[in-house]
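Below is one structure; the comments refer to it alone.
The values are calculated or read from the model by the stated rules, or taken from the named source; none is laboratory data. All values derive from a computational prediction rather than experimental measurement. Glycine also receives a Cβ, built like all others from the backbone with ideal geometry; neighbour counts cover every protein chain displayed.
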Amino acid sequence: MPTVLLIEDDQSIADMISIYLSEEDYNVHWGADGQQGTKLFNTIEPDVIILDIMLPDANGMDLCKEFRTVSNVPIMVISAKSEVSERVKALIIGADDYLCKPFSMRELAARTSALLRRSAISNHSVQSTPPAESGEIDPQSIKIDMEKRCIYLLNHPVETTFSEFEIMKLFWMHPGKVFSREELLNKIRGIDTFVTERTVDVHITNLRKKVEIDPKEPKHIKTVWGVGYKFEH
């Protein structure tokens, strides 16, 4: 039974989410504010986090960023703020999905299931590394450990969000293949999830900052003008 950490200060909304997800066979733990949510995060090891942005004692964005620095657990932000700038900001700091209030319980459950499904598939993938023609390790190369869900640059681990890792894994498994923004969106979110092409641009920008020696002159994640992006070892 998947464990959901719900951080939401509105008890009526929290009750509805908890009841609905419990009926869908989720084990829901509720934190009514940032302090309770952080305490639960450190004790229950959630499989997914549903996080409200406006909390009485904390900024949900700050909590999201804090959680992301220590864990790759999928994070879904829920908020009454529907502006594109707010959704982009959440994605930049580490959220994997953003759901605007009011929303249907059915959609919330579907998105939660999608996040968990993609996380489970990735976590059970077999570790794989790119072949080295010379038999020696190139310290400049990017490597991905599927089992640990970790990207290595210069043999040092790089922290990524759930969606960033999914994009990087897709790139790495298909070097040289050009992916359109729409293809990348469909791969990381599913065709039924509301996202924009700007979402992909945000993830690409963040990935370049993390894996490129010079993000302004990328040697690995390259833009194919008018089409999308491609990855080169």
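Quick one: would you say E45 is touching a strand residue (DSSP E or B) at 6+ places or on another chain (Cβ under 8 Å), surrounded by fewer than 18 Cβ atoms within 10 Å (Cβ to Cβ) and within 26 Å of F165 (Cα to Cα)? It would help to see each step written out before you state the result.
Numbers: touching a strand residue (DSSP E or B) at 6+ places or on another chain (Cβ under 8 Å): yes; surrounded by fewer than 18 Cβ atoms within 10 Å (Cβ to Cβ): yes; within 26 Å of F165 (Cα to Cα): yes.
Taking the combined requirement at face value, the residue satisfies it.
Just for the range 24-42: of the residues that are part of a helix (DSSP H, G or I) and within 21 Å of the chain's Cα centre (by Cα), which one is surrounded by the fewest Cβ atoms within 10 Å (Cβ to Cβ)? Step through it out loud before you land on a result.
Step one: of the range 24-42, the residues part of a helix (DSSP H, G or I) are 34-42.
If we keep only those that are within 21 Å of the chain's Cα centre (by Cα) as well, we get 34, 37-38, 40-42.
Details: G34: 21, G37: 28, T38: 17, L40: 19, F41: 22, N42: 9.
Selected residue: N42.
Would you confirm, using the coordinates I've provided, whether S104 is buried (at least 19 other Cβ atoms within 10 Å of the Cβ), over 18 Å from M1 (Cβ atoms) and among the hydroxyl-bearing types (S, T, Y)? Give the steps one after another, and end with the answer.
Working: buried (at least 19 other Cβ atoms within 10 Å of the Cβ): no; over 18 Å from M1 (Cβ atoms): yes; among the hydroxyl-bearing types (S, T, Y): yes.
Taking the combined requirement at face value, the residue does not satisfy it.
Out of L51, L21, report the one residue that is farther than 28 Å from C150 by Cβ, in contact with a strand residue (DSSP E or B) (Cβ under 8 Å, 6 or more places away or on another chain) and buried (at least 17 other Cβ atoms within 10 Å of the Cβ). Even if it seems obvious, please write down each step before you answer.
Values: L51 fails: farther than 28 Å from C150 by Cβ.
Going through L51, L21 in turn, the sole match is L21.
All but one of (1) in a helix (DSSP H, G or I); (2) touching a residue at least 60 places away in the same chain (Cβ under 8 Å); (3) surrounded by 16 or more Cβ atoms within 10 Å (Cβ to Cβ) hold for V4, so report the exception by its number.
Going through the list (1) in a helix (DSSP H, G or I); (2) touching a residue at least 60 places away in the same chain (Cβ under 8 Å); (3) surrounded by 16 or more Cβ atoms within 10 Å (Cβ to Cβ), V4 breaks only (1).
List the pairs whose first member sits in the range 70-86 and is assigned by TED's automatic domain parsing to the domain that holds I7 and closer than 21 Å to D201 by Cα, whose second member is of a type in the set (G, A, S) and assigned to a helix (DSSP H, G or I), and whose Cβ atoms are under 6 Å apart, counting only residues at least 6 apart or on separate chains?
P74/S119; V77/A90
Quick check on my filter: what residues within the range 13-58 are of a type in the set (D, E) and farther than 12 Å from M105 by Cβ? Walk me through it before giving the result.
Applying the first criterion (of a type in the set (D, E)) to the range 13-58 yields 15, 23-25, 33, 45, 47, 52, 57.
Matches in the range 13-58: D25, D33, E45, D47, D52, D57.
Which count do you get for residues in the range 107-134 that are of a type in the set (D, E) and either modelled with pLDDT of 50 or more or surrounded by 13 or more Cβ atoms within 10 Å (Cβ to Cβ) (or both)? First the steps, then the outcome.
Step one: list which residues in the range 107-134 are of a type in the set (D, E), which gives 107, 133.
Checking the rest, the ones that are also either modelled with pLDDT of 50 or more or surrounded by 13 or more Cβ atoms within 10 Å (Cβ to Cβ) (or both) come to 107.
So the count comes out to 1.
Just give me the residues in the range 68-92 being crowded, with 18+ Cβ neighbours inside 10 Å, of a type in the set (A, V, I, L, M, F, W, C) and over 20 Å from P2 (Cα atoms), in sequence order.
Taking the range 68-92 as the starting set, the residues that turn out to be crowded, with 18+ Cβ neighbours inside 10 Å are 68, 72-79, 87, 89-91.
This time we only want the ones that are of a type in the set (A, V, I, L, M, F, W, C), so: 73, 75-78, 90-91.
Of everything in the range 68-92, those that are crowded, with 18+ Cβ neighbours inside 10 Å, of a type in the set (A, V, I, L, M, F, W, C) and over 20 Å from P2 (Cα atoms) turn out to be A90, L91.
On the basis of being among the charged types (D, E, K, R) and either in a helix (DSSP H, G or I) or loosely packed, with under 14 Cβ neighbours inside 10 Å (or both), does K65 make the cut? Outline the logic, then answer.
Working: among the charged types (D, E, K, R): yes; either in a helix (DSSP H, G or I) or loosely packed, with under 14 Cβ neighbours inside 10 Å (or both): yes.
Criteria met by K65.
Consider M173 against the criteria (1) surrounded by fewer than 18 Cβ atoms within 10 Å (Cβ to Cβ); (2) closer than 20 Å to I92 by Cα: it satisfies all of them except one. Which criterion is unmet?
(2)
Of the residues I92, I13, only one is over 26 Å from V200 (Cα atoms), aliphatic (A, V, I, L, M) and either outside any loop (DSSP other than H, G, I, E, B) or not assigned by TED's automatic domain parsing to the domain that holds E166 (or both); which? Spell out the reasoning first.
Numbers: I92 fails: over 26 Å from V200 (Cα atoms).
Testing whether each residue is over 26 Å from V200 (Cα atoms), aliphatic (A, V, I, L, M) and either outside any loop (DSSP other than H, G, I, E, B) or not assigned by TED's automatic domain parsing to the domain that holds E166 (or both) leaves just I13.
As an exercise: evaluate E164 against (1) modelled with pLDDT of 80 or more; (2) surrounded by fewer than 15 Cβ atoms within 10 Å (Cβ to Cβ) and give the number of the one condition it does not meet.
(2)
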